[in-house]
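Peer 1: Can you keep this structure in mind? I'll have questions shortly.
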Amino acid sequence: MGKPRNAPRSTMKPRPAGAQPLSGPAGFRETSTPFVATLLDPAGVLDVDRVADAFRLTKFQLADILGLSRETLYKSSRANAPKTQARLRDMLEIISFVEDWCGGKLQAMAWYRAQPIPELGDRTAESLVKTGHASWVRAHLDRIALGGFA
């Protein structure tokens, strides 16, 4: 249910100029440059080399994590293809979502690859993204962030 029509207005005072940003919901913090933004090239396309370097992976390893053929990430035309970019975005969105919960991006990648999710058939986030079910993982994480049980 929404707020009643005649509900009192919030008594929160605005932050003074120059004040540090507040923590967001569920432990998320505001940062000046989001992690994913550092992985984009000037054209706004995810740079495969930057993604691989950020997680200390080779392109072969990254292709395997994404469920793509090993050669896909070595040709720019294939690396910039919509399917490849969508798979990269799905992976990075999920990893960014759990990064604070896991303690860092490398730990979040370890969770993404190895932690079975009981509510989703004991499959990992990696296997679900590979099969086109990234939305299931996002819905599961959204529910947890809002206070649902894992």
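The values are calculated or read from the model by the stated rules, or taken from the named source; none is laboratory data. These numbers come from a predicted model, not from an experiment. Positions of Cβ are generated from backbone atoms using ideal geometry, with glycine treated the same way; all protein chains shown enter the neighbour counts.
Peer 1: Name every residue in the range 85-98 that is farther than 14 Å from residue 137 by Cβ and surrounded by 21 or more Cβ atoms within 10 Å (Cβ to Cβ), in order of residue number.
Peer 2: 88
Peer 1: Would a scan of the range 88-107 turn up a residue that is touching a Cys at 6+ places or on another chain (Cβ under 9 Å) and under 25 Å from residue 53 (Cα atoms)? Step through it out loud before you land on a result.
Peer 2: From the range 88-107, those touching a Cys at 6+ places or on another chain (Cβ under 9 Å) are 95; that's our starting set.
From the residues that got through so far, the ones that are under 25 Å from residue 53 (Cα atoms) too are 95.
Scanning the range 88-107 turns up at least one residue that is touching a Cys at 6+ places or on another chain (Cβ under 9 Å) and under 25 Å from residue 53 (Cα atoms).
Peer 1: Looking at 119, 126, which is the one that is part of a helix (DSSP H, G or I), touching a residue at least 12 places away in the same chain (Cβ under 8 Å), of a type outside the set (Lys, Arg) and within 20 Å of residue 52 (Cβ to Cβ)? Please lay out each step first, then the result.
Peer 2: Values: 119 fails: within 20 Å of residue 52 (Cβ to Cβ).
Sole residue among the options that is part of a helix (DSSP H, G or I), touching a residue at least 12 places away in the same chain (Cβ under 8 Å), of a type outside the set (Lys, Arg) and within 20 Å of residue 52 (Cβ to Cβ): 126.
Peer 1: Which numbered condition in (1) more than 15 Å from residue 39 (Cα to Cα); (2) surrounded by fewer than 18 Cβ atoms within 10 Å (Cβ to Cβ); (3) in contact with a strand residue (DSSP E or B) (Cβ under 8 Å, 6 or more places away or on another chain) is the only one that residue 102 fails?
Peer 2: Residue 102 satisfies every listed condition except (3).
Peer 1: Within the range 130-148, identify whether any single residue is among the polar types (S, T, N, Q) and either over 13 Å from the mean Cα position of the chain (by Cα) or over 17 Å from residue 89 (Cα atoms) (or both), and answer yes or no. Don't jump to the end; show me each part of the working.
Peer 2: At the first step, the residues of the range 130-148 found to be among the polar types (S, T, N, Q) are 131, 135.
If we keep only those that are either over 13 Å from the mean Cα position of the chain (by Cα) or over 17 Å from residue 89 (Cα atoms) (or both) too, we end up with 131.
Within the range 130-148 (the criterion being among the polar types (S, T, N, Q) and either over 13 Å from the mean Cα position of the chain (by Cα) or over 17 Å from residue 89 (Cα atoms) (or both)), the answer is yes, since at least one residue qualifies.
Peer 1: Somewhere in the range 11-34, is a residue exposed (fewer than 10 other Cβ atoms within 10 Å of the Cβ) and modelled with pLDDT of 85 or more?
Peer 2: The answer is no; no qualifying residue exists.
Peer 1: Moving to a separate point now. Output the residues belonging to the range 102-144 that are in contact with a Phe, Trp or Tyr (Cβ under 9 Å, 6 or more places away or on another chain) and small (Gly, Ala, Ser).
Peer 2: Listed by number, the residues that qualify are 108, 125.
Peer 1: Moving on to the next point. Given the conditions (1) of a type in the set (Ser, Thr, Tyr); (2) modelled with pLDDT of 95 or more; (3) surrounded by fewer than 17 Cβ atoms within 10 Å (Cβ to Cβ), and given that residue 69 satisfies all but one, which numbered condition is not satisfied?
Peer 2: (2)
Peer 1: Among the residues of the range 100-111, which ones are within 17 Å of residue 90 (Cα to Cα) and in contact (Cβ under 8 Å) with a residue 24 or more places away in the chain?
Peer 2: Result: 105, 106, 109.
Rundown of residues vs (1) closer than 14 Å to residue 112 by Cβ; (2) assigned to a loop (DSSP other than H, G, I, E, B); (3) touching a Phe, Trp or Tyr at 6+ places or on another chain (Cβ under 7 Å); (4) in contact (Cβ under 8 Å) with a residue 24 or more places away in the chain, yes/no style:
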{"position": "42", "(1), (2), (3), (4)": "no, yes, no, no"}
{"position": "49", "(1), (2), (3), (4)": "no, no, no, no"}
{"position": "64", "(1), (2), (3), (4)": "yes, no, no, no"}
{"position": "69", "(1), (2), (3), (4)": "no, yes, no, no"}
{"position": "77", "(1), (2), (3), (4)": "no, no, no, no"}
{"position": "87", "(1), (2), (3), (4)": "yes, no, no, yes"}
{"position": "95", "(1), (2), (3), (4)": "yes, no, yes, no"}
{"position": "98", "(1), (2), (3), (4)": "yes, no, yes, yes"}
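Peer 1: With respect to residue 138, determine if the residue is at pLDDT below 95, surrounded by 15 or more Cβ atoms within 10 Å (Cβ to Cβ) and more than 23 Å from residue 53 (Cβ to Cβ). Walk me through how you get there before you give the answer.
Peer 2: Numbers: at pLDDT below 95: yes; surrounded by 15 or more Cβ atoms within 10 Å (Cβ to Cβ): yes; more than 23 Å from residue 53 (Cβ to Cβ): yes.
For residue 138, the condition - at pLDDT below 95, surrounded by 15 or more Cβ atoms within 10 Å (Cβ to Cβ) and more than 23 Å from residue 53 (Cβ to Cβ) - is met.
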